[in-house]
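Working notes, structure below.
The values are calculated or read from the model by the stated rules, or taken from the named source; none is laboratory data. The structure presented is a predicted model; accordingly, all values stated were derived computationally and were not measured. Here the Cβ positions follow ideal geometry from the backbone for every residue, glycine too, while neighbour counts run over all protein chains shown.
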Amino acid sequence: MKRLFSGIQPSGTIHIGNYFGAISNWIKLLGKYDCIFCIVDYHAITIPYDKDMMQQRIFEAAVDNISAGLDPEKCKIFVQSHVPEHTELAWILSCFSRMGELSRMTQFKQKSEQHKAHANCGLYTYPVLQTADIAIYKGEVVPVGEDQVQHIELAREIVRNFNTAFGDILPEPAELLSPTPRIMGLDGDNKMSKSMNNHISLTETDEELWKKLAPAKTDTNRQRLKDPGDPAKCNMFSYHKLVSSDDELKQVTEGCTTAGIGCFDCKKILCKNFSELIRPIRDKKEKLMKDRDYVLNVLNDGAESCRKIAKETMNEVKKAMGL
Ligand code: TYM
């Protein structure tokens, strides 16, 4: 089986963008690949964060992923900082990463602008650590959302530079996009993300869900109930496509284009369907949050087996480099 690697930041609750852009795809790939999933705490420190919340966030990221369906019996789940070889290899790979390429990364440009006072080298070399995350396990397949594709393309280049110098040691990783690789935020203008505060988290209660959906942007041509709308221009319809049945999609399309139903009714159907997706995840999360030992054991077991693989790769890399 080919090895698959992917990661997620412990940046608070996981949202619908993470779920449909990445996690739901990860779940489908369990059993088809040798899967490793990582909670990337070293990446999360590249922007200002609350140190007192970090352990809680890491724990919750693990719980969220398991609750969403990432079965620890079928994959390894661990925390990045528990395997020191990630940063060791990142240093080596930084010597094969071109500064021009790093400064062209969209995420670097956005985040260094967003956190001007805190624009640091970690933010700049973020994709190098990401490359090391994958390469330390000789990962070949990397399922991600669209926003990470640029980083995986760069990872290929960094690995290629390394291999050109020292022989074919690290495989060039390939991204695997989910069928829904870019989920827009509730504002309808930006990608869904926690930092934009335009997200629906995977654990919203029904009341919280409605509070977020009710004011969310729809097709701006629908000013009054009698104005027909165009689902193709409505962000709510893009959400419907994620969670609603074919019959409901038909009903909503017809209702919207003929002004037969209003945005309120359309959002009610959407809210019901999001709620049906979220409820079992929320219930499982509630149970797991109380089962600390189980979750910590999953992370410890994951780190232990990952350390073994990481050590072997590091030995091979150092030997090839004359270190
Ligand atoms: P992160 O934590 O930002 O996101 C985790 C995964 O969720 C996807 N995603 C989305 N997909 C579609 N629409 C959205 N609105 C949306 N928001 C997030 C992301 O594409 C990602 O797949 N740098 C990575 C973590 C990482 C990593 C790695 C990934 C570190 N090392 C090695 C792959 C391989 C990140 O910040 O993901």
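How about the stretch 11-30: which of its residues are among the hydrophobic types (A, V, I, L, M, F, W, C) and either closer than 13 Å to Glu146 by Cβ or in contact with a helix residue (DSSP H, G or I) (Cβ under 6 Å, 6 or more places away or on another chain) (or both)?
Within the stretch 11-30, the subset among the hydrophobic types (A, V, I, L, M, F, W, C) is 14, 16, 20, 22-23, 26-27, 29-30.
Passing the criteria: Ile14, Phe20, Ala22, Ile23.
Please work out which one of (1) touching a helix residue (DSSP H, G or I) at 6+ places or on another chain (Cβ under 7 Å); (2) touching a residue at least 40 places away in the same chain (Cβ under 8 Å); (3) closer than 15 Å to Ala44 by Cα is the condition His151 fails and give its number.
Condition (3) is where His151 drops out.
Please note which helices (runs of 4 or more DSSP H) are completely contained in the stretch 196-279 and include at least 3 residues that are outside the structural domain of Glu60 (by TED's automatic domain parsing) and under 19 Å from Arg182 (Cα atoms).
Correct list: 235-243.
If I ask for residues that are of a type in the set (D, E, K, R), within 30 Å of Met314 (Cα to Cα) and touching an Asp or Glu at 6+ places or on another chain (Cβ under 9 Å), which ones from the stretch 166-199 would you list?
Glu172, Glu175
Tally time: how many residues in the stretch 30-51 are under 25 Å from Lys287 (Cβ atoms) and surrounded by fewer than 19 Cβ atoms within 10 Å (Cβ to Cβ)?
The total comes to 2.
Kindly establish whether Glu88 is touching a helix residue (DSSP H, G or I) at 6+ places or on another chain (Cβ under 7 Å), assigned to a helix (DSSP H, G or I) and away from the ligand (no atom under 15 Å from the Cβ).
Spelling it out, Glu88 is indeed touching a helix residue (DSSP H, G or I) at 6+ places or on another chain (Cβ under 7 Å), assigned to a helix (DSSP H, G or I) and away from the ligand (no atom under 15 Å from the Cβ).
Can you pull out every residue in the stretch 263-290 that is surrounded by 13 or more Cβ atoms within 10 Å (Cβ to Cβ), farther than 18 Å from Ser201 by Cβ and among the charged types (D, E, K, R)?
Asp265, Lys268
Quick test for you: out of Val79, Val40, Val83, Val63, pick the one residue that is touching a residue at least 12 places away in the same chain (Cβ under 8 Å), among the β-branched types (Val, Ile, Thr) and farther than 15 Å from Ile134 by Cα. Quick ask: steps written out before the conclusion?
Details: Val79 fails: farther than 15 Å from Ile134 by Cα; Val40 fails: farther than 15 Å from Ile134 by Cα; Val83 fails: farther than 15 Å from Ile134 by Cα.
That would be Val63, the only listed residue that is touching a residue at least 12 places away in the same chain (Cβ under 8 Å), among the β-branched types (Val, Ile, Thr) and farther than 15 Å from Ile134 by Cα.
Assess whether Thr131 counts as being β-branched (Val, Ile, Thr) and surrounded by 15 or more Cβ atoms within 10 Å (Cβ to Cβ). Lay out the reasoning, then the answer.
Details: β-branched (Val, Ile, Thr): yes; surrounded by 15 or more Cβ atoms within 10 Å (Cβ to Cβ): yes.
So Thr131 passes the test.
Since Met105 meets every condition but one in (1) aliphatic (A, V, I, L, M); (2) within 12 Å of the ligand (Cβ to nearest atom); (3) in contact with a Ser or Thr (Cβ under 8 Å, 6 or more places away or on another chain), which condition does it not meet?
(3)
Please verify whether Ser305 is among the hydroxyl-bearing types (Ser, Thr, Tyr), within 24 Å of Ala216 (Cβ to Cβ) and modelled with pLDDT of 95 or more, treating the condition exactly as stated.
So Ser305 does not fit the description; no.
Per-residue answers, yes or no, for (1) more than 7 Å from the ligand (Cβ to nearest atom); (2) closer than 19 Å to Ile183 by Cα; (3) not in a helix (DSSP H, G or I):
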position: Met1; (1), (2), (3): yes, no, yes
position: Leu4; (1), (2), (3): yes, no, yes
position: Gly12; (1), (2), (3): yes, yes, yes
position: Tyr19; (1), (2), (3): yes, yes, no
position: Ala22; (1), (2), (3): no, yes, no
position: Trp26; (1), (2), (3): yes, yes, no
position: Ile36; (1), (2), (3): yes, no, yes
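Within 22 Å of Leu177 (Cα to Cα) and within 14 Å of the ligand (Cβ to nearest atom): which single residue out of Val79, Val141 fits that description?
The conditions single out Val141.
Quick check on the stretch 182-192: of everything there that is surrounded by fewer than 17 Cβ atoms within 10 Å (Cβ to Cβ) and assigned to a loop (DSSP other than H, G, I, E, B), which residue is nearest to the ligand (Cβ to nearest atom)?
Arg182
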